[in-house]
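Everything below concerns the one structure shown next.
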Amino acid sequence: MKKIETFNEVLNNLSHKEIVTLANGNYFVMKGEKILSYFKGNRIVMTVQDFIDLYSRCDFFEYEDDNVVIDSLKDSEYYSFKHK
């Protein structure tokens, strides 16, 4: 995971619909004017100001999904499927 150097970069990444994460696996996304926090199956919705107040001193990282595997055979089969 690549560390995000400043909290302003964290806010910028969120505003560009990117996912940011903490080292403990807690991750954050922005939806509209709210920030959603996901951790161990739980979701918390907060304002941007609440996010700043709670997390401005934390170290954030760019989210990378290591489990993404695209099977080109399945992909081509899916897109060749014709709806009747």
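Under 11 Å from the Cβ of Ile4, count the other residues' Cβ atoms, weight Lys and Arg +1, Asp and Glu -1, and hand me the total. Taking every Cβ under 11 Å from that of Ile4, the sum is -3. Putting +1 on Lys and Arg Cβ atoms and -1 on Asp and Glu Cβ atoms, find which of Met30, Thr6, Val20 reaches farthest to the positive end of the dipole of the chain. Towards the positive end, the residue furthest out is Met30.
Shown for the chain: the carbon plus sulfur share of the solvent-accessible area, taken with all protein chains present and a 1.4 angstrom probe, equals 51%. For the pair Met1 and Lys17 in one chain, pulling the backbone fully straight at 0.36 nm per residue adds 4.0 nm over the alpha carbon distance.
Which is the longest run of the chain containing none of the GluC sites (Glu not before Pro) found in DSSP loop states (not H, G, I, E, B) with at most 15 other C-beta atoms within 10 Å? Each step should come with its number before you reach the end.
Details: sites that count: Glu5, Glu18, Glu33, Glu64.
For GluC sites (Glu not before Pro) (loop position, at most 15 other Cβ atoms within 10 Å), the longest site-free span of the chain is 34-63.
Other residues whose C-beta falls under 14 angstrom from the C-beta of Ala23 contribute a net charge of 0, scoring Lys and Arg +1 and Asp and Glu -1. Check each of the trypsin sites (Lys or Arg not before Pro) in region 1-78 and keep only those in coil by DSSP with at most 14 other C-beta atoms within 10 angstrom; list them in order. Taking region 1-78 and a limit of 14 other Cβ atoms within 10 Å, the loop trypsin sites (Lys or Arg not before Pro) found are Lys2, Lys17, Lys40, Arg57. Once the 1.4 Å probe is applied to the protein heavy atoms, the chain comes out at 81 Å² accessible per residue.
If R0 equals 25 Å, the separation of the Cβ atoms of Val45 and Glu9 corresponds to a calculated FRET efficiency of about 0.65.
The values are calculated or read from the model by the stated rules, or taken from the named source; none is laboratory data. As the structure is a prediction and not an experimental result, all values here were calculated from the model. As a convention, Cβ positions derive from the backbone with ideal geometry for all residues, glycine included, and neighbour counts pool all protein chains shown. When the accessible area is computed, the model is the full protein with side chains, heavy atoms only, and any ligands, DNA or RNA have been set aside. Shrake-Rupley method; radii C 1.70, N 1.55, O 1.52, S 1.80 Å.
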